Each structure stands twice: as C-alpha cells, then as structure tokens.
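Here the structure comes first, spelled out in structure tokens, and everything after it is commentary.
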Amino acid sequence: MPGGVAPGVYSGVVTVRVTLFADLRRFLPRGTDGPQPYTLGDGATLTHLLAAIGIEAGAEVTAAVNGALATRDTRLRDGDEVMLLSPMEGG
C-alpha cells in the first residue's frame, strides 16, 4: 500500500523505502520500478510491512533493514531502507 497507512492501532506513522528483488518484484505497483515508499503505523515490524505489501505470512523471505539482516519481529523506524528477496535454489 505505497503512500497509504497500513491498518493498526498506532498513533504515529513511519515511512520506509522498500526494494524488492527477484520474484518479489511482482509485488511492485504496476508501472513502477525501484525502491517504493510504504507508510506504516508507529511501532510496526517487518511482519506488518510484509502484510502491507501483500506477501503471505508463511512466505520465505530474506530481509535486510539498513543493510543488516532482519527478522519478522524487527521494528521499523522512519526512514529505514528495507531490502526483500526470496531464497534462490539451484546449483
């Protein structure tokens, strides 16, 4: 939900920039490319962000926030840079 506020019970908001890699690029809004802004309730975690993007709760996703590996319970802060990619297989 780029530009919108994800539902929640939070009083403030945070805006993060999300870069989607590999097959997760299918979640980019039509006609867009590159990092996308997402606005979430203050106190939101990576789990909230994934839901706002439309990524299923059980999906395998590797995430980094500001260049550091992150877990689904990582709390997001205003201005964070988030990178999301799905695990690759092959050899």
Those residues of the stretch 25-50 which are surrounded by 18 or more Cβ atoms within 10 Å (Cβ to Cβ) and farther than 13 Å from VAL14 by Cα amount to GLN36, LEU50
Name the one entry in ALA68, ALA52 that is in contact with a Leu (Cβ under 9 Å, 6 or more places away or on another chain) and modelled with pLDDT of 95 or more. ALA52
The stretch 60-77, residues that are over 20 Å from THR39 (Cα atoms) and assigned to a strand (DSSP E or B): THR62, ALA68, LEU69
Across the stretch 32-59, the tally of residues that are assigned to a loop (DSSP other than H, G, I, E, B), in contact (Cβ under 8 Å) with a residue 12 or more places away in the chain, hydrophobic (A, V, I, L, M, F, W, C) and over 14 Å from ALA22 (Cβ atoms) stands at 1
Out of all the residues in the stretch 66-77, is one or more loosely packed, with under 15 Cβ neighbours inside 10 Å and either touching a residue at least 60 places away in the same chain (Cβ under 8 Å) or acidic (Asp, Glu) (or both)? yes
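The values are calculated or read from the model by the stated rules, or taken from the named source; none is laboratory data. Source: prediction; values computed, not measured. Virtual Cβ from ideal backbone geometry, glycine too; neighbours counted across all protein chains shown.
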